[in-house]
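Contents: one structure, followed by commentary.
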Amino acid sequence: MSFKKFYQENKFLLANISLFLIFFFYSFNTYLYVYDGHHHGLIFSNALDLLKGKEPYKEIFIQYGLLTTFFHSLVLKLFGEQIIIINIFTIIIYLLSVFLISLTIKNLTNEFYALIATVLILFNHPIPWLPWPNYLAFFFLAGFIYLHLAKKPLFILLSGFLLGLACLARENYIIFVVPSLIFMMLFLSVFEDRNRSYFKKFILVSFGFILPLLLFSIYLFYNGLAGIWLKYFLLP
């Protein structure tokens, strides 16, 4: 295959990769000189405490989501206990999220508009400024949208699962997502034919969404953390 033909067939992917590499090194270089003792330090110390075996919520002040702390502790375990590792993980997760959005737009329209979306997002938000739970939740939400548009039942089920993971990455999302799903269930039950495809799609999404939350609830009750976890929702 000639280079010209390869470029023509893969120019969308190559353009995205080029943009992602530029913004990855730009973000990485910025992180070398930026440190926020609260936002960076809190995230880093939470991950270290989890690695030391401390109990989430009871002995670790996990303000936003245990799943985020778990992923941070995992990358520290694999690549070294340095805060730059979490920063690199955040950059990669953010760029993958943008790519999922670009792929979604490509499937809905075409490669040109998808590439424009990548450019607009990256130039408006070039650096994932903090290693905050928002970015991991953003990745799961972008994955939810991408898979939700698929026609295969397994992908639709997985989209709901990713929506549940987004709520575990930033747990106050539960306050907004659960009422939204309940409203949609009531709306479809009253106004739509249950034999229609989007009603069945909603059932698959809901089942996928409940599964990770159910596993998380079992974990909380088994370890006696449910009461303490609920108190975190009383925080401003």
Exercise. Could you tell me the distance between the Cα centroids of region 16-56 and region 82-119, to the nearest Å?
Key: 18
Quiz item: Let a ≥ b ≥ c be the square roots of the eigenvalues of the Cα gyration tensor of region 108-236; is it rounded (a/c under 1.5), or, if not, prolate (a/b larger than b/c) or oblate?
Solution: oblate
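Let me know the whole percent of all Cα-Cα pairs from region 126-192 that are separated by more than 21 Å.
Tail fraction, whole percent: 34.
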Quiz item: Equivalent-ellipsoid semi-axes (√(5λ), Cα gyration tensor) for the chain, whole Å, largest first?
Solution: 31, 29, 14
Practice problem: With a 1.4 Å probe and every protein chain kept in, tell me what percent of the accessible surface of region 83-186 is carbon plus sulfur. | Solution: 79
Self-check item: Helix-only mean residue ellipticity at 222 nm for the chain, each DSSP H run of n ≥ 4 adding -39500 (n - 2.57), per residue, nearest 500
Solution: -25500 deg cm²/dmol
Practice problem: Provide the per residue accessible area, probe 1.4 Å, for the chain, rounded to a whole number of square angstrom. | Solution: 58
Quiz prompt | For the chain, built as a Gaussian network whose Cα springs stay under 10 Å, the top-fluctuating residue of Glu171, Glu55, Glu81 | solution = Glu55
Quiz prompt | Sequence ranges 59-67, 147-155, ranked by mean other-Cβ count within 10 angstrom, highest first | solution = 59-67, 147-155
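The values are calculated or read from the model by the stated rules, or taken from the named source; none is laboratory data. These figures come from a predicted structure and were not determined experimentally. A quick note on method: Cβ atoms are made from the backbone with ideal geometry, for glycine too, and the neighbour counts reach across all protein chains shown. Each accessible area value is taken on the protein alone, full model and side chains, heavy atoms only, with ligands, DNA and RNA left out. Shrake-Rupley method; radii C 1.70, N 1.55, O 1.52, S 1.80 Å.
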